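Below you'll find the structure, written out as structure tokens, and then a few comments.
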Amino acid sequence: MSEAATSKPSLTTWIMLAVLAWGALLALGSYLFGGTHPVLRAAMVLGVTVVFLGLWALALAMRKRRLERESDEI
């Protein structure tokens, strides 16, 4: 990987951070206006957001690994 690629965050990184901020904002809203069990509702919203981002990062890592392996075979 080149130095330029490691020093500058990619568009995907910015999108993932935006999704995390959006999930945190939704969690805050569900905490403030959630009715019964607001802490549980907020934790569920934030938890689902984090799990989604984790699965997305895992899929990107698996894709990168596969592409590196395929480029080594050629």
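Read the figures in this text as sums done on the coordinates, not as results from a lab. These figures come from a predicted structure and were not determined experimentally. Ideal geometry is used to build each Cβ from the backbone, glycine not excepted, and the neighbour counts take in all protein chains shown.
Is there any pair linking a residue in region 43-56 that is touching a residue at least 40 places away in the same chain (Cβ under 8 Å) to one that is of a type in the set (Val, Ile, Thr), with Cβ under 8 Å and at least six apart or on different chains, and which?
Listed pairs, sorted by first residue: none to list.
Residues in region 33-67 that are under 19 Å from THR13 (Cβ atoms) and surrounded by fewer than 12 Cβ atoms within 10 Å (Cβ to Cβ): how many?
Adding up the residues that qualify gives 11.
Got at least one residue in region 17-32 being assigned to a helix (DSSP H, G or I), surrounded by fewer than 10 Cβ atoms within 10 Å (Cβ to Cβ) and either touching a residue at least 24 places away in the same chain (Cβ under 8 Å) or of a type outside the set (Phe, Trp, Tyr) (or both)?
Within region 17-32 (the criterion being assigned to a helix (DSSP H, G or I), surrounded by fewer than 10 Cβ atoms within 10 Å (Cβ to Cβ) and either touching a residue at least 24 places away in the same chain (Cβ under 8 Å) or of a type outside the set (Phe, Trp, Tyr) (or both)), the answer is yes, since at least one residue qualifies.
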